[in-house]
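Quick one: structure below, then a few questions.
Here, each number is a calculation from the coordinates, and none is a lab measurement. Quick caveat, the model's predicted, so the values are computed rather than measured. A quick note on method: Cβ atoms are made from the backbone with ideal geometry, for glycine too, and the neighbour counts reach across all protein chains shown.
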Amino acid sequence: MREIAHIRATMLGWFALQQTGMKEPRMVSLAGRSGRLWTLVAYLILHRDRGIPAQELIDLLWPDGSGSNPASTLQNNASRARNAMATLGFSDTKGMIRYENGLYRWVPGTDTWLDVDVFEDLARRALETPDPEELRTLGREAADLYQGDFLPDAADELWCTDLHAYYRSLFVRLFRRLVQELMRTQEYAEAAALCAQAVHLDPLSEEFNLLLMQNLTRSHQAQQALDHYEALQKLYQESYGLTPSPELEAARLTASQELYGGGMGPAALETFLLAGDGESRALACDNGTFREIVLLYLRSMRRDPDLKAQLLMLCLEGWEAQPEKNAVYMQQMKLILQGCLRSGDPFTQIGAGQYWVLLPGAGSETHSAIAQRLQQAMHQRFAQSSAVFQTRAIDLRGMVHLAEPKD
């Protein structure tokens, strides 16, 4: 029997097959109209060390039933899978999927290289070795192979779920150990590159986002660390309505100190003032800062009677009865305030259920329109939210006396 050419298969990041003589691998999807055919091929390759009973494949491909003659249906799909491979340019496809004695096999006696097998072997050896140099060598090889999670097209399929979680867990353990070793030897730039690879696969991973910022800062890339924090902050707000953790905030402060700690000239000052994502946002203040801003504006109004301003109060209804939901609703309104108010308009949270907003230049005729705009934005962005905010406005012209000098 003529030997079938060597097959190279990848399942990390995508499913692709390449036969000896092919210049490029053939990428295929386990979803869509031909998904069942390629699922059959992938499963046979993954378990190529054994013959697979027909019933096991029937249960895999048709978990809800395959009709009155499942064995015949399976044979038909195996034939279609061979034809699909032939269409992509593979040779000897009739011998690639064999059926003998009730068992289906993938290319018996033929060498097939599979990335997940090689990755698992390298990762385990790297994690088990006490030799730092061997850890770096094996770990780097394994890292190069992990181009994405296991068969992402089939991640939600029952047969694939455990394998998806297993290889992701092995990847996390390997990268954590390898990054720690690179940091020990002060190879911060390479450690940052590995962290970036991990963050690309899991953008919300706090562990690797933190390590990425730390290694960028230590490799004299503090500006990139700050840029990453800005993007991460936006992602956290959009995904969960949350702000980065204190650890990530500390990493941001460290990067800022590294970048600006020695002082700055005019060019650096311009970069500092323009840093951010370019979006205009209202200014979220603590209570003390907000009070000082209001008093400063009152003093300006005392000097110039033509100035006007409103203090808008937003009070969350029922916050005492549902403290768990209260924090979520308040975070939602914070995002609305930051996006809908003018750039630089200050606001602060008072207690567990109120926001106070300073509206410079606003008169009694405009505060109601602003309040209505905030409520509409809240319902549009958070359509499922049941939060209700009552609004009240105070004309600051009636409080100018608070800015009078004290005896």
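Using only Cα atoms, tell me the angle between helix 132-145 and the longest principal axis of the chain; keep it within 0 to 90° and round to the nearest 10.
With rounding to tens, the tilt is 80 degrees.
Does anyone have the angle between helix 246-260 and the longest principal axis of the chain? Alpha-carbon axes, 0 to 90°, nearest 10?
70 degrees
Further question: Classify the chain as rounded, prolate or oblate from the Cα gyration tensor: take a ≥ b ≥ c as the square roots of its eigenvalues, call it rounded if a/c is under 1.5, otherwise prolate when a/b beats b/c and oblate if not.
The shape class here is prolate.
Expressed as an acute angle from 0 to 90° and rounded to the nearest 10, what is the orientation of the C-alpha long axis of helix 70-87 relative to the principal long axis of the chain?
Once rounded, the angle reads 80 degrees.
Something else: So what is the 222 nm mean residue ellipticity for the chain from helices alone, if each DSSP H run of at least 4 adds -39500 (n - 2.57) and you divide by all residues, rounding to the nearest 500 deg cm²/dmol?
So the calculated ellipticity at 222 nm is -17500 deg cm²/dmol.
If you count, for each residue, the other Cβ atoms within 10 Å and average over each peptide, how do 334-347, 75-88, 19-32 line up from highest to lowest?
334-347, 75-88, 19-32
In what sequence, highest mean first, do 38-45, 166-173 appear when ranked by Cβ atoms within 10 angstrom?
38-45, 166-173
Find the centroid of the Cα atoms in segment 216-254 and in segment 85-143, then give the distance between the two in whole Å.
Going from one Cα centre to the other spans 38 Å.
Same structure, new question: Determine, for each peptide in 126-138, 191-203, the mean count of other beta carbons within 10 angstrom over its residues, then list the peptides with the highest first.
Descending mean neighbour count gives 191-203, 126-138.
Indicate, rounded to the nearest 5 percent, the antiparallel portion of the DSSP beta bridges found entirely in the chain.
85 percent
Tell me, what is the percent relative contact order of the chain, built from C-alpha pairs under 8 Å that lie six or more residues apart?
Dividing the mean separation by the residue count of the chain yields 12 percent.
From the square roots a ≥ b ≥ c of the eigenvalues of the alpha-carbon gyration tensor of segment 1-179, which class results: rounded (a/c under 1.5), prolate (a/b over b/c), or oblate?
Cα axes put segment 1-179 in the prolate bin.
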